[in-house]
Amino acid sequence: RRRRRRRRQRGGGPGPPGRHHRQPQGPSRRIRLYTWLSHRCFSDCVTTFYRKTLGKREGDCVRACVRKYQLATAASAARFNKLADPSAAADDEDED
């Protein structure tokens, strides 16, 4: 008699031994970041609630706030990448 193998359905069960599956818990990192940045820039820039839309100064402030965060994040990522790559660090020492 032949035994039939049961196929595991994707996403069900713990998976093969030795593998660790991460289950999403709560909102993703991107959603949390978007929420934090929205709250931060909104609370820094929006001061009046007389209109449904942002005033020119408020809109410019929000755009500048988001842009500043994007630039800081890109600079930090570039710095961490440089620190993680030993060959890039050696190139920097040669320039000094």
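The figures follow:
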read-out: Scaled radius of gyration (Cα, divided by 2.2 N^0.38 Å) that the stretch 29-90 gives; value: 1.56
read-out: Inter-site label distance for Arg32 and Ala84 at 7 Å from Cα along Cβ, in nm; value: 1.8
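We did not get these values from a lab; they are worked out from the coordinates using the rules stated. This is a predicted model, so every value here is computed, not measured. Glycine gets a Cβ as well: all are built from the backbone with ideal geometry, and neighbour counts include every protein chain shown.
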